[in-house]
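Structure, as structure tokens:
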């Protein structure tokens, strides 16, 4: 049985979560490989029990020691990335309400790119006070303005993170 630092239970949970995504959310393995940026063949082999998560850790450790990009598989994520993404896709999305998701995206735009509330207000076509109020209390603005803010924030998020599909 495979183990990561003696924790084979985490491996079982990761495989179980992937199975849940396939069965409950109807996400095909090829789609999942694109979503989490892992080579499809590696992921298929992992699900078939031919590969294990130790490879992620070995590649990461080798890369750190040799001060270079991940060795072996260029689509091999950092060690905790696979489990975190799989967990969020299978459990976490439904546990975070929509308003909190939008707030998280806005926080990311502010922290990562220095985008300001007044910039978001202009892109959203709403007043600055509505953005500020939303960030304090998500129920303090109209649904129409929430929608405008959410769409503008999501578009900016995808645009600045290089997702070409955001452009239509």
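The values are calculated or read from the model by the stated rules, or taken from the named source; none is laboratory data. Because the structure is predicted, anything quoted here is derived from the model rather than measured. Don't worry about glycine lacking a Cβ; one is built from the backbone with ideal geometry, like all the others, and counts go over all protein chains shown.
Would you check which residues across the stretch 106-116 are surrounded by fewer than 17 Cβ atoms within 10 Å (Cβ to Cβ) and part of a helix (DSSP H, G or I) and list them?
Residues of the stretch 106-116 surrounded by fewer than 17 Cβ atoms within 10 Å (Cβ to Cβ): 107-108, 110-114, 116.
Within the stretch 106-116, 107, 108, 110, 111, 112, 113 meet the criteria.
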Could you please let me know if residue 41 is out of contact with any strand residue (DSSP E or B) (no Cβ under 8 Å at 6 or more places or on another chain), at pLDDT 90 or above and over 30 Å from residue 137 (Cα atoms)?
yes
For a quick check of your reading of the model, give me the residue pairs whose first member lies in the stretch 1-27 and is not assigned by TED's automatic domain parsing to the domain that holds residue 81 and exposed (fewer than 11 other Cβ atoms within 10 Å of the Cβ), whose second is at pLDDT below 90 and not in a loop (DSSP other than H, G, I, E, B), with beta-carbon atoms closer than 7 Å and at least 6 apart or on different chains.
1/8
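For the stretch 126-159, what are the residues that are assigned to a loop (DSSP other than H, G, I, E, B) and either touching a strand residue (DSSP E or B) at 6+ places or on another chain (Cβ under 6 Å) or loosely packed, with under 13 Cβ neighbours inside 10 Å (or both)?
Quick first cut of the stretch 126-159, residues assigned to a loop (DSSP other than H, G, I, E, B) only: 126-127, 137, 141-142.
Within the stretch 126-159, 137, 142 qualify.
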Report whether or not residue 85 is surrounded by 16 or more Cβ atoms within 10 Å (Cβ to Cβ) and either under 26 Å from residue 38 (Cβ atoms) or at pLDDT below 85 (or both).
yes
